[in-house]
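Below is one structure, written out as structure tokens; comments come after it.
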Amino acid sequence: MINISSIIEISGTVAFAISGAFSAMQKRMDIFGVIIMGFVTAIGGGTIRDILIGDTPVSWMRDYKLPLIILGTVIAAILFKKYIKTFKVTLFLFDALGLGLFTIIGIQKGVSIGLNPGICIALGTITGCFGGVVRDILLNHIPLIFHREIYATACIFGGMLYFLLVGYLDINIVKVIAITVICSVRIIAVKFKLTLPKLYV
């Protein structure tokens, strides 16, 4: 039987590892820097989530397969970077995909230990966003979550939809819908330049 949760986790890990690796290559980092950025982006949000809920050692330390998947993904990204013509678009799409996948992973983690929906959505947002936050800080960028782009808002919206639907549909269908909505909100917001209001002093 196919384990949807495992597929989501592996897919999210691959998506964010590629996102981190591409970001590092855009900054012309050496191979060690590219590998580190792939790891940081893929495990950063999950590490913070696990520490917050006291689930230690954190997940990637207990499952050797995840670091191997990240390493293999980053190496593949390095080897095939010449064949990726729309570099910036590809980076964005993988980042949007990772955002949706990891948000659901975080929500599921909160549900599994009996936390209330609001905290589960917060954990999902942390899982989805904070790998990218750490990546952007290391690359000397303003993290998207703190910028004007719709990023964390997409996670929150998808998380709310998850809990609205979970009592009416099969859980696997709910996961797919929530992931699709988070990715779509992120992509549509960027395509049509939708932003949150700016605050000035």
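The values are calculated or read from the model by the stated rules, or taken from the named source; none is laboratory data. These numbers come from a predicted model, not from an experiment. FYI the Cβ positions are ideal-geometry reconstructions off the backbone, even for glycines, and counts take in every protein chain you see.
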In segment 144-189, anything without any contact (Cβ under 8 Å) to a residue 12 or more places away in the chain, assigned to a loop (DSSP other than H, G, I, E, B) and over 19 Å from Ile8 (Cα atoms) is listed as His147, Gly167, Tyr168
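One line per residue, one yes/no per condition, for (1) hydrophobic (A, V, I, L, M, F, W, C); (2) farther than 24 Å from Ile51 by Cβ; (3) out of contact with any Ser or Thr (no Cβ under 7 Å at 6 or more places or on another chain):
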| residue | (1), (2), (3) |
| --- | --- |
| Ile107 | yes, no, yes |
| Pro117 | no, no, yes |
| Ala122 | yes, no, yes |
| Thr125 | no, no, no |
| Gly132 | no, no, no |
| Glu149 | no, yes, no |
| Tyr162 | no, no, yes |
| Val176 | yes, yes, yes |
Tell me, yes or no, whether segment 146-153 has at least one residue that is within 17 Å of the chain's Cα centre (by Cα) and either at pLDDT 95 or above or among the acidic types (Asp, Glu) (or both).
yes
Filtered residues of segment 127-164 (kept if in contact with a Gly (Cβ under 6 Å, 6 or more places away or on another chain) and surrounded by fewer than 24 Cβ atoms within 10 Å (Cβ to Cβ)):
Phe130, Val134
Can you say whether Ala178 is in contact with a Phe, Trp or Tyr (Cβ under 9 Å, 6 or more places away or on another chain), among the small types (Gly, Ala, Ser) and more than 30 Å from Thr56 (Cβ to Cβ), as far as the supplied structure shows?
no
Of (1) in a helix (DSSP H, G or I); (2) within 24 Å of Lys175 (Cβ to Cβ); (3) out of contact with any helix residue (DSSP H, G or I) (no Cβ under 9 Å at 6 or more places or on another chain), Ile137 satisfies all except one. Which?
(2)
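Which of the residues that make up segment 14-41 are of a type in the set (Val, Ile, Thr) and more than 16 Å from Ala76 (Cβ to Cβ)? Even if it seems obvious, please write down each step before you answer.
Step one: list which residues in segment 14-41 are of a type in the set (Val, Ile, Thr), which gives 14, 18, 31, 34-36, 40-41.
Once the filter is applied, which keeps residues that are of a type in the set (Val, Ile, Thr) and more than 16 Å from Ala76 (Cβ to Cβ), segment 14-41 yields Ile36, Val40.
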Residues of segment 54-112 being among the aromatic types (Phe, Trp, Tyr) and surrounded by 12 or more Cβ atoms within 10 Å (Cβ to Cβ), which ones?
Trp60, Phe87, Phe92, Phe94, Phe102
Residues Leu115, Leu123: which one is surrounded by fewer than 20 Cβ atoms within 10 Å (Cβ to Cβ) and over 16 Å from Met25 (Cβ atoms)?
Leu115
